[in-house]
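A.B. asks: Got a structure for you, written out below as structure tokens; questions coming shortly.
Read the figures in this text as sums done on the coordinates, not as results from a lab. Model, not experiment: these values are computed from the prediction. No Cβ is skipped: glycine too gets one built from the backbone with ideal geometry, and neighbour counts run over all protein chains shown.
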Amino acid sequence: MSHGRPIEDVISELGEIAEGDKWEYGKQFSYVFDGPDLSEMTAEAMRLFASSNGLDPTAFPSFLRFENDLVEFARSILNGDADVRGSATSGGTESILLASKAARDALRSKGVAGRLNMVLPVTAHAAFHKAASYLDLEMRITEVDDGFRAIPEAIEGAIDEQTALVVASAPSYTHGVVDPVAAIGEVTARTGRWLHVDACVGGMVLPFLDHSPAFDFSVAAVDSISMDLHKYGYTPKGASLVLHRDAERRSHQYFATAGWMGYPVANATVQSTKSATALAAAWASVQHLGADGYRRLTQDSWEATEGFIDAVRSSDVVDLVAEPDAPLCAVTSVDVFTHGQAMRSRGWRVGVTPSLGHSPAHMHFTMTAAHLGLLDELVGDLLETAPTEASDVMAGLAGIDLVSLDPAMIGGLLDSLDLDSDRAVVDAAIDSLPPEGRAAVISAYIQHLYR
Ligand SMILES: Cc1ncc(COP(=O)(O)O)c(C=O)c1O
């Protein structure tokens, strides 16, 4: 692009590009959390702070104000006392990475040498696998029970002197169930291990659900919690919190150096120079909605969930994979790949999660406040599109061994398919591979998409 373009021209093209991301309100599951329309307020918040730089919160005190207020809000809904400390991050993955680093460095500070490990149930989010990879922690993955909850005895069996942290989910993303945090806390307290509770998806809903099991700082053994604002906080992407029981624990999250020929650095998070845009928008959303607003939104999403669950239970063409504690539903059917594609053809952008262990392939419905008004349409479409018998969706790919293809061939093959109309084939093909094969194929395909 050798010549610049007039602003109106660029803005007009931005509008066209945005069309490609459009979805119908409430119909894009998982990636967006539709609910109250706060877009005017959040856009203004982002505009006002577009150039502030979190590299130095003394030069840009907005960061201190926003982060301290958000941490105080989180502390108040998560039963934390005044000792609880936290940081704003760019998302759940960064919060998890930082909590894992803090736990690792806390154990190292006690003089434990050698490779450390993390003990995590198989239902813990993939972000822990990424953290383990980035931080060189061995992963010790433990089984879950029939209801997809972590088993405290299995966790205890995996812990040793090198265990830097133990993970519990509140709830797990896939099945929406809360791990027995209090029982796991007894294990970590007895063995002197760091307990991290991943409330990325649940931190803004569980505090407002009367039936929620204890999962937060009310459990004395909990050391840190990750909690996203850009999910059930109904605020734009790029906002999460990582919270620690006290300042000492949080100190291990920081990175500081003065060992180069430049300015001294002390960073709480992965980024150094960082934007205040999503943070300002999150602050505005929390100020506007307050705990009362989130309680009302949670009531709506939970009422939608109960209605949805009842409809699934009373049908003989769909099955609930787990009884969720939070508004996340995993639903399967006799041919879930075809079913998922049929739902997509009716405008419901729902993803099919591959099977693993005793978790069958299923559609994942992240229910938000938007779904209360859409419940009849959603249930109607789910039942009407449900297949009554299995089909051989992968017949067209017979004889192709996906894992043995090189990345360019995988890219070419997937390019030849339409990700909407051939979705069932793609989902079934991915499901047919072992987990390492799935990861390799998907990574090859995504890499192929970027120039
Ligand atoms: C329980 C849980 N933990 C962590 C994450 C990762 O969050 P993010 O995608 O914001 O990095 C998610 C995302 O869905 C989640 O549901």
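A.B. asks: Which trypsin sites (Lys or Arg not before Pro) does the stretch 3-77 hold that lie in a coil by DSSP with at most 14 other beta carbons within 10 Å?
C.D. replies: On the way: sites: Lys22, Lys27, Arg47, Arg65, Arg75; in loops: Lys22, Lys27.
Answer by residue number: Lys22.
A.B. asks: Grab the other residues whose beta carbon is less than 14 angstrom from that of Ala189, score K and R as +1, D and E as -1, and report the net.
C.D. replies: Values: positive: Arg190, Arg193, Arg245; negative: Glu156, Glu186, Asp223.
Computed value for this residue: 0.
A.B. asks: Let me ask you something else. For the chain, which DSSP H helices look membrane-span-like by this rule: Cα extent along the axis of 20 Å or more and mean Kyte-Doolittle of at least -0.5?
C.D. replies: Working: long enough: 62-77 (23 Å, 0.12); 92-108 (24 Å, 0.03); 277-313 (42 Å, -0.21); 435-449 (21 Å, 0.24).
Counting only whole DSSP H runs, the qualifying helices are 62-77, 92-108, 277-313, 435-449.
A.B. asks: Still on this structure, please answer the following. Ordered by residue, what ³J(HN,Hα) values in Hz, to whole numbers, does the stretch 227-232 give under the Karplus form 6.51 cos²θ - 1.76 cosθ + 1.60, where θ = phi - 60° and Gly and Pro are x?
C.D. replies: Running phi through 6.51 cos²θ - 1.76 cosθ + 1.60 with θ = phi - 60° gives 8, 8, 8, 7, 10, 6 Hz.
A.B. asks: Treat every Asp and Glu Cβ in the stretch 278-317 as -1 and every Lys and Arg Cβ as +1, leave all other atoms uncharged, and give the resulting dipole magnitude about the Cα centre to the nearest 20 debye.
C.D. replies: Numbers: 3 positive and 6 negative charges, 43 e Å.
With Lys and Arg at +1 and Asp and Glu at -1, about 200 debye.
A.B. asks: For the stretch 290-384, list log₁₀ I(q)/I(0) at each q in 0.11, 0.12 Å⁻¹, using the Debye formula over Cα point scatterers of equal strength and ignoring solvent, two decimals each.
C.D. replies: Reported log10 I(q)/I(0), two decimals: -0.31, -0.37.
A.B. asks: Just to be sure I follow the definition: excluding the sites themselves, where is the longest run in the chain that has none of the GluC sites (Glu not before Pro) in a DSSP loop with at most 16 other Cβ atoms within 10 Å? All intermediate terms of the calculation are to be shown ahead of the outcome.
C.D. replies: Details: sites that count: Glu24, Glu143, Glu161, Glu389.
Answer from the scan: 162-388.
A.B. asks: For the stretch 43-286, what is one quarter of the convex hull surface built on the Cα atoms, given in nm²? Intermediate values should be presented prior to the final figure.
C.D. replies: Details: hull surface 52.4 nm².
Projected over every direction and averaged, the Cα hull of the stretch 43-286 covers 13.1 nm².
A.B. asks: Could you work out the relative contact order of the stretch 402-449? I mean the mean sequence separation of Cα pairs under 8 Å and 6+ apart, divided by the number of residues, in percent. Kindly include the intermediate steps, with their values, before the conclusion.
C.D. replies: Numbers: 26 pairs, mean separation 29.5, N = 48.
Relative contact order of the stretch 402-449: 61 percent.
A.B. asks: Starting from the exponent 0.38 and prefactor 2.2 Å, build the expected Rg for the chain from its residue count and divide its actual Cα Rg by it. Mind showing how you got there, number by number?
C.D. replies: Values: Rg = 22.7 Å, N = 451, 2.2 N^0.38 = 22.4 Å.
Normalised by 2.2 N^0.38 Å, the Cα Rg of the chain equals 1.01.
A.B. asks: Suppose only helical runs count, i.e. DSSP H with n ≥ 4. What mean residue ellipticity at 222 nm does that imply for the chain under -39500 (n - 2.57) per run, divided by all residues and rounded to the nearest 500 deg cm²/dmol? Kindly include the intermediate steps, with their values, before the conclusion.
C.D. replies: Working: 14 runs with 180 residues, N = 451.
Value at 222 nm, helices only: -12500 deg cm²/dmol.
A.B. asks: Fewest first, what order do Ser416, Ser224, Ser355 take by the number of other Cβ atoms within 10 Å? Working shown, then result.
C.D. replies: Values: Ser416 8, Ser224 30, Ser355 15.
Final ranking by Cβ density, sparse to dense: Ser416, Ser355, Ser224.
A.B. asks: Where Rh is the Kirkwood radius over the Cα pairs of the stretch 402-449, the temperature 10 °C and the viscosity 1.306 mPa s, what D in µm²/s does Stokes-Einstein return? Show your work: numbers first, answer last.
C.D. replies: Values: Rh = 10.6 Å.
Approximately 150 µm²/s, per Stokes-Einstein.
A.B. asks: Let me ask another. On a straight-distance basis, which lysines could pair with Lys101 in a cross-link, Cα separation under 24 angstrom, same-chain partners fewer than 8 positions away excluded?
C.D. replies: Within reach: Lys110, Lys130, Lys231, Lys237, Lys274.
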